[in-house]
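In what follows, a single structure is set out as structure tokens and then discussed.
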């Protein structure tokens, strides 16, 4: 996982350790590193920020005689990477659900994203995660366009042993979402997970429809699923979706197959919203809580 990014970071630490810590000497090393980051799917503004910050922090640093230069470089790099990934909008998912439960209301979560990101499977994994925490869940099939979408979500619901609310193909997705929320209220179900049609972020009509679903059910969270393997496109999707419909968090899918890792570094910076989970396989339990500190530690190993 993220082998290319790890190798690029390790190479940088090695080069800087052998370089005089002055801006004019650091600049060419960091310019090369910026290209390496961009090649590993780190968005250009993020790559630029990381390199500028490193130059600023290391310029003129005096390393004591017995101090390990490598440790000094690594510590600064760790801090810069972490600052890139931290947001002011941290989400404690279980607290959000618990607060709604105390009010006797379901927590409503809408999932958005384009086709092929693994959104429907992610919803099933998310349901499994919540059920293991002791919450009851109902699924809403708001994707009434794509052939097979209803059957796909229905199959997941059957395997997980949860209820799914559906209408016919071509039906109004907002009506499906509304009915599911009402069902959850009537049955005392804790969490409503709403699947939506996979849409290109440039499709205005479908974006307006998403906005309509949000208007009708007023969700507690809107979560975007992005495929980490699409690299910079994942970052563009996150930016567009956030501008058009507003997202609260992202889930990065297919991370287990991602050798580059740049999307994980860039998505949070671009949207200023946290990554909640990462998908690390095909099984229902293959959803891992994303922790920026752990991620940075892992790529700097």
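Coordinate-derived values only; no laboratory data. Since this is a predicted model, take the numbers as computed values, not measurements.
For the reader, a short list of remarks on this structure follows.
- Structure-based [θ]222 nm, the chain - -39500 (n - 2.57) summed over DSSP H runs of at least 4, per residue, nearest 500: -17000 deg cm²/dmol
- Taking the centroid of alpha carbons for each part, region 41-60 and region 258-301 are 20 Å apart.
- GNM flexibility winner over the chain from 256, 68, 41 (Cα, springs under 10 Å): 68
- Helix 44-58 axis, angle to the chain major axis (alpha carbon atoms, nearest 10°): 40
- Averaging the Cα positions of each part gives two centres, and for region 205-230 and region 94-159 these lie 13 Å apart.
- Computed from Cα positions, the angle between helix 149-160 and the longest principal axis of the chain comes to roughly 90 degrees.
- Shape class for region 198-301: prolate, because the ratio a/c of the largest to smallest gyration tensor axis (alpha-carbon atoms, square roots of eigenvalues) is 1.5 or more and a/b beats b/c.
- Looking at the chain, the DSSP beta bridges with both ends there are about 10 percent antiparallel.
- The shape of region 3-85 comes out prolate: with a ≥ b ≥ c from the C-alpha gyration tensor, a/c is at least 1.5 and a/b beats b/c.
- When region 32-123 is reduced to its Cα atoms, the Kirkwood hydrodynamic radius in Å: 17.5
- Gaussian network model of the chain, Cα within-10 Å springs - most flexible of 27, 242, 156: 27
- Between helix 119-132 and the chain: long-axis angle, C-alpha atoms, 0 to 90°, nearest 10: 80
- Taking a ≥ b ≥ c as the square roots of the eigenvalues of the Cα gyration tensor, an a/c ratio of 1.5 or more together with a/b larger than b/c marks the chain as prolate.
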